[in-house]
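Peer 1: What follows is a structure written as structure tokens; I'll ask about it next.
Where a number appears in this text, it was derived from the coordinates with a stated rule and is not lab data. Source: prediction; values computed, not measured. All Cβ positions, glycine included, derive from the backbone under ideal geometry; neighbour counts span all protein chains shown.
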Amino acid sequence: MQVRNLSLEGHIRIASNLEGAVETLEDSLVGFRVVKFLEENFKIEHAKLVTAEAYISESQTKYIIIAASEFTDVAQNALLKILEEPPTNIEFIIVSPTKSNLLPTVRSRLPIIQTELDHKVLDLDIRLSRLDYKEVFAFLKKYARVSKMEAKSLVEALFHRATVIDQLILTPAQLENFDKAYRLLDLNSRPQSVLAMLLMSFAQER
């Protein structure tokens, strides 16, 4: 049985020290062509450069490393298609200090490698695979007064609960709702309304 070396395949790498993580990757990829984009804030202009680089044809595997402290939503959305269907011999590695920087749609495209202990994801006592309206209202009541940052942690925890613990295959609409939740919270929308939108997409009448 052949063991896959995930570090040699496209993936998302969570690391607080971006420069150190990129150096480690370059050392492990000696012999391959590596193109890196190391930015403080990854924007649409950087996404366009990445896309242009990806479409330069290669006879052997080329690794494109995208590392940033922050990623704009517009830039991430611009990369979705190429991440899902990369050109021949192109592997993408995204390096971010936290998973919550990345949209759920981006996270769903590539496996995630945790190189160090990240902040602990909240353990929510809620089963999204069998969620009813009563549980939705109880959850919203429990977290009625959360801050913007706490609400973001709850969104991340709900995504983790759905995909890792409950092992649900999210619909395109549910994935879009997770993306929308981060955007709405950044725009200072009421956290309870954002959480209600997410939970109602899983709720079943019972």
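Peer 1: Over the range 57-176, what lengths in whole Å, largest first, do the semi-axes of the equivalent ellipsoid take, defined as the square roots of 5 times the eigenvalues of the alpha-carbon gyration tensor?
Peer 2: One finds semi-axes of 32, 16, 13 Å for the range 57-176.
Peer 1: I would also like to ask the following. Dividing the Cα radius of gyration by the Kirkwood radius, what Rg/Rh value follows for the chain? Before the final figure, lay out each step's value.
Peer 2: Numbers: Rg = 18.4 Å, Rh = 18.3 Å.
When Rh is taken as the Kirkwood radius, the ratio is 1.00.
Peer 1: Also, I was wondering about something else. Dipole magnitude of the chain about its Cα centre, charges +1 at Lys/Arg Cβ and -1 at Asp/Glu Cβ only, in debye to the nearest 20?
Peer 2: 840 debye
Peer 1: Say a paramagnetic label sat at a point 7 Å from the Cα of Glu53, along Cα to Cβ; which residues of the range 68-109 have their backbone N under 12 Å from it?
Peer 2: Within reach of a label on Glu53, which here means backbone N under 12 Å from a point 7 Å along Cα→Cβ, the range 68-109 contributes 68, 91-95.
Peer 1: Cα extents of the range 128-204 along the three principal axes, largest first, in whole Å?
Peer 2: 29, 24, 18
Peer 1: A follow-up question, please. I need the phi-derived Karplus couplings for the range 23-40: 6.51 cos²θ - 1.76 cosθ + 1.60, θ = phi - 60°, integer Hz, Gly and Pro marked x.
Peer 2: Those phi angles translate into 4, 4, 5, 4, 5, 6, 10, 4, x, 9, 7, 10, 10, 10, 10, 10, 10, 6 Hz.
Peer 1: Highest mean first, what order results for 137-146, 87-96 on Cβ atoms within 10 Å?
Peer 2: Values: 137-146: 12.9, 87-96: 19.8.
Most protected by this proxy first, the peptides run 87-96, 137-146.
Peer 1: Please report Rg over Rh for the range 6-114, where both radii come from the alpha carbon positions and Rh follows the Kirkwood definition.
Peer 2: Using Cα coordinates only, the ratio equals 0.91.
Peer 1: Return the lysines within reach of Lys152: Cα separation strictly under 26 angstrom, same-chain partners fewer than 8 residues apart disregarded; answer none if there are no such residues.
Peer 2: Candidates past the 8-residue exclusion: Lys43, Lys81, Lys99, Lys120, Lys134, Lys141, Lys142, Lys180.
Peer 1: Summing Lys, Arg as +1 and Asp, Glu as -1, what charge do residues with Cβ under 14 Å from the Cβ of Val146 carry, Val146 excluded?
Peer 2: +4
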